Amino acid sequence: MQTETASSFRLICFPESAHSTAYYLSLSELLLPTVEVLAIQYPLHIGVEDGDEERLADSPELADRIFGALAEWMDRPLAFFGHRAGADLAYRVAERLERETGTPLLTLFVSGRTAHWGRSLGPPVLGCRIVALAGEGDPKTPLRGVRAWRRRTSGRFDLEVFPGSRGYLDSSRREVVNLVHDQLLSQVSVDAEWETGAEDKGA
């Protein structure tokens with residue numbers, strides 16, 4: 001989707017399946033005009049059944065296609081929001097974006113997903129902020145595993161825990177929207193303060 005009023009940020013959403021894009025597009029009404037929301041539409045054969053979720057999470061070919069499609073959407077600061085298997089995919093694309101363009105995301109939001117999925121524990125490959133979202137009662141995403149996302153970035157890490165289990169994107173929709181909005185604004189404010197300080201010091 002495109003908006004008539006240019007937004008300050010663009011949020012690329014990575015849903016958990018091919019049939020879950022409507023939720024993320026509905027967020028656009030709550031985030032505009034500050035944040036423009038785009039949702040990735042996966043091929044219909046991916047993410048239809050529960051067993052296909054892991055195919056979505058571990059699909060370098062799909063990550064390559066998404067990375068290539070992002071070229072025309074990089075005219076403003078980018079953030080990614082990935083939910084469940086979409087969080088893994090968003091991480092893959094963010095990793096490639098930073099490696100090949102040298103431009104990190106403002107923020108990578110990873111929701112409802114642990115970070116123990118077979119990656120080595122070498123130096124972090126991302127430099128952007130990672131914000132992890134989780135339901136406090138979700139048995140599939142214990143908080144210890146969600147906190148492991150902090151090892152994926154050399155930048156700042158934040159963990160936000162919502163009441164309930166796996167349905168917090170619906171039950172706490174306003175809180176999630178406020179989190180995204182405030183995190184992006186705070187990131188730019190920090191950068192602006194740093195640049196001002198550098199100018200004052202004659203950098």
Filtering segment 153-164 down to residues that are part of a loop (DSSP other than H, G, I, E, B) and either touching a helix residue (DSSP H, G or I) at 6+ places or on another chain (Cβ under 9 Å) or open to solvent by 50 Å² or more (accessible area, probe 1.4 Å) (or both) yields 154, 156, 163, 164
Can residue 44 be described as surrounded by fewer than 18 Cβ atoms within 10 Å (Cβ to Cβ), modelled with pLDDT of 90 or more and either among the polar types (S, T, N, Q) or outside any strand (DSSP E or B) (or both)? no
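Going by the structure shown, is residue 203 assigned to a helix (DSSP H, G or I), surrounded by fewer than 18 Cβ atoms within 10 Å (Cβ to Cβ) and at pLDDT below 90?
On the way: assigned to a helix (DSSP H, G or I): no; surrounded by fewer than 18 Cβ atoms within 10 Å (Cβ to Cβ): yes; at pLDDT below 90: yes.
Considered against the rule, which asks whether it is assigned to a helix (DSSP H, G or I), surrounded by fewer than 18 Cβ atoms within 10 Å (Cβ to Cβ) and at pLDDT below 90, residue 203 comes out as no.
For segment 96-105, how many residues are within 21 Å of residue 148 (Cα to Cα) and surrounded by fewer than 22 Cβ atoms within 10 Å (Cβ to Cβ)? Don't jump to the end; show me each part of the working.
Looking only at segment 96-105, we keep the residues that are within 21 Å of residue 148 (Cα to Cα), and these are 96, 98, 104-105.
Next cut, surrounded by fewer than 22 Cβ atoms within 10 Å (Cβ to Cβ) only: 96, 98, 104.
The qualifying residues number 3.
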Can you pull out every residue in segment 20-39 that is open to solvent by 30 Å² or more (accessible area, probe 1.4 Å) and out of contact with any Leu (no Cβ under 8 Å at 6 or more places or on another chain)? 22, 25, 26, 29, 30, 32, 33
Can you say whether residue 134 is open to solvent by less than 10 Å² (accessible area, probe 1.4 Å), in a helix (DSSP H, G or I) and at pLDDT 95 or above, as far as the supplied structure shows? no
Go through segment 68-90 and report how many residues are open to solvent by 10 Å² or more (accessible area, probe 1.4 Å) and under 17 Å from residue 128 (Cα atoms). 4
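The values are calculated or read from the model by the stated rules, or taken from the named source; none is laboratory data. For clarity, every value in this text was computed on a predicted model and none was experimentally measured. Note that we place each Cβ from the backbone using ideal geometry, even for glycine, and neighbour counts take in every protein chain shown. Remember, those area values only see protein heavy atoms, side chains included, never the ligands or the DNA or RNA. Shrake-Rupley method; radii C 1.70, N 1.55, O 1.52, S 1.80 Å.
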